[in-house]
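For reference, the structure is listed below as structure tokens.
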Amino acid sequence: MTEKDVPQVAAVPSAKLPVFHVQSAEFVAAARRPEELPPPTKLEIAFVGKSNVGKSSLLNKLLNRRGLARTSSTPGCTRQINFFDIKSVAGLELMLVDLPGYGFASRSKGERKEWAELIEHYLLERSTLRAAAVLFDSRRGFEAEDADALELITEHGRVSRKPPQVVLVSTKIDKVPARDRPKLEGRRIDERRVVPFSVEEPETVDSVWRALLKAADLWPLPAAVSAP
Ligand code: GDP
């Protein structure tokens, strides 16, 4: 058999590693009142957005665990702050923090006050909060309540820390007609780039991870943690 006869095998492209290669992810705490918040032990990235914006769906994709962050249809879980401890294969540890969704017109005044106190307490006082994702539905656009959330996060608060860096995420982009996608992809709000996301488009998980890690000052990952 000559060299020419040897069947040529096309090089198999090496499987692309995810930006954050999840090794473990677990739900570790829930808080309904400020005094129930767990001790601040790790860097935290918080997630805020209107109820039904797709926050749990995004969290499940980032955590790479189906159903770990429960969706808004789960009764009783929407008024608490949920903490997820996450570790990458390379040893990077973080806490992803799911804040209760805003925009419940049907809630009583008392409930809304309780909610605002909890959220404000967390956003303004948490010493380990490094970055926050503000989610909005691509079809509805960035609305007044989203702008309020952004403003709250970027206030300095009462602790001596930098205000957390914000990542704006426009969710459910698969529902946007193809002709409107380019507009969405280059979009900026308040000088901030908007990161498009859809549960239907796996590559968008990586772009959200990259934006979050950059915002948290963790990107590019140090050599010690970028390779398993
Ligand atoms: P949450 O209330 O913000 O936690 O929102 P959920 O994650 O529970 O999502 C609300 C609804 O939107 C559910 O029916 C999801 O299946 C749906 N949803 C979430 N993300 C997407 C997405 O990227 N694309 C589409 N088409 N639907 C989505």
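The values are calculated or read from the model by the stated rules, or taken from the named source; none is laboratory data. What you see is a predicted model; the values in this text were computed from it and never measured. Cβ placement follows ideal geometry from the backbone for every residue including glycine, while neighbour counts extend to all protein chains displayed.
What residue, among those in region 79-107 that are under 15 Å from Lys55 (Cα atoms) and at pLDDT 90 or above, is farthest from the ligand (Cβ to nearest atom)?
The extreme case among them is Phe83.
Which residues, counting only those in region 29-78, are in a strand (DSSP E or B), modelled with pLDDT under 95 and out of contact with any Gly (no Cβ under 9 Å at 6 or more places or on another chain)?
Of everything in region 29-78, those that are in a strand (DSSP E or B), modelled with pLDDT under 95 and out of contact with any Gly (no Cβ under 9 Å at 6 or more places or on another chain) turn out to be Ala29, Ala30, Ala31.
Among Leu68, Leu37, Leu63, which is the only one that is farther than 30 Å from Ile173 by Cα, more than 8 Å from the ligand (Cβ to nearest atom) and buried (at least 16 other Cβ atoms within 10 Å of the Cβ)? Step through it out loud before you land on a result.
Working: Leu68 fails: farther than 30 Å from Ile173 by Cα; Leu63 fails: farther than 30 Å from Ile173 by Cα.
Unique residue meeting the criteria: Leu37.
If you scan region 130-149, which residues turn out to be among the aliphatic types (A, V, I, L, M) and either modelled with pLDDT of 95 or more or surrounded by fewer than 19 Cβ atoms within 10 Å (Cβ to Cβ) (or both)?
Ala131, Ala132, Ala133, Val134, Leu135, Ala144, Ala147 - these are the residues of region 130-149 that are among the aliphatic types (A, V, I, L, M) and either modelled with pLDDT of 95 or more or surrounded by fewer than 19 Cβ atoms within 10 Å (Cβ to Cβ) (or both).
Would you please list the contacts, defined by Cβ atoms under 8 Å and residues six or more apart or on different chains, that run from a residue in region 131-148 that is in a helix (DSSP H, G or I) to a residue that is modelled with pLDDT of 90 or more?
Pairs found: Glu145/Lys50; Asp146/Gly49; Asp146/Lys50; Asp146/Val134; Asp146/Phe136.
Condition first: in contact (Cβ under 8 Å) with a residue 24 or more places away in the chain and within 22 Å of Asn52 (Cα to Cα). Can you find one or more residues in region 154-162 that meet it?
no
Please work out if Glu203 is exposed (fewer than 14 other Cβ atoms within 10 Å of the Cβ), within 16 Å of the ligand (Cβ to nearest atom) and closer than 22 Å to Pro220 by Cα.
Here the answer is yes, as Glu203 does meet what is asked.
Tell me whether region 216-225 contains one or more residues that are among the aromatic types (Phe, Trp, Tyr), touching a residue at least 60 places away in the same chain (Cβ under 8 Å) and touching a helix residue (DSSP H, G or I) at 6+ places or on another chain (Cβ under 7 Å).
no
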